[in-house]
1. Do you know which residues across region 51-61 are surrounded by fewer than 16 Cβ atoms within 10 Å (Cβ to Cβ) and under 12 Å from the mean Cα position of the chain (by Cα)?
2. Scan region 71-98 and report the pairs whose first residue is exposed (fewer than 12 other Cβ atoms within 10 Å of the Cβ) and whose second residue is assigned to a strand (DSSP E or B) and of a type outside the set (A, V, I, L, M, F, W, C), with Cβ atoms within less than 6 Å and a gap of 6+ or a chain change.
3. Just give me the residues in region 1-34 being within 14 Å of residue 62 (Cα to Cα), crowded, with 16+ Cβ neighbours inside 10 Å and hydroxyl-bearing (Ser, Thr, Tyr), in sequence order.
Amino acid sequence: MEIRKALNGTELTIKVEGRLDTMTAPALETELRRSLNGITDLTLDFTNLEYISSAGLRVLLSAQKVMNKQGSMKLIHVCDPVMEVFEVTGFSDILTIE
């Protein structure tokens with residue numbers, strides 16, 4: 001998995017590429033913990049995210065809870081297989097997906 005960040009004032013975009021699974025989720029979780037202080041708008045760009053596991057879903061839920069207190073979070077460019085996971089798990093009702 002590869003993580004790239006773009007910060008613009010209080011807006012943060014994180015591009016996640018590859019697989020978000022048990023092995024890679026801790027890296028994203030650490031990056032989010034380090035980066036969310038003072039952020040009001042978080043965008044997760046999943047253009048090149050191929051797969052997400054329950055470990056990845058847990059990281060997204062944690063980030064959503066933080067952003068509910070300090071601003072907003074949205075996911076963009078979600079591919080069909082990942083979107084299917086969101087729909088089956090009910091995450092499509094919890095997360096803002098564009």
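Only the coordinates and a few stated rules stand behind these numbers; no lab work does. As the structure is a prediction and not an experimental result, all values here were calculated from the model. Cβ coordinates were reconstructed from backbone atoms using ideal geometry, including for glycine residues, and neighbour counts include every protein chain displayed.
1. 58, 61
2. The qualifying pairs are 98/74.
3. Across region 1-34, there are no qualifying residues.
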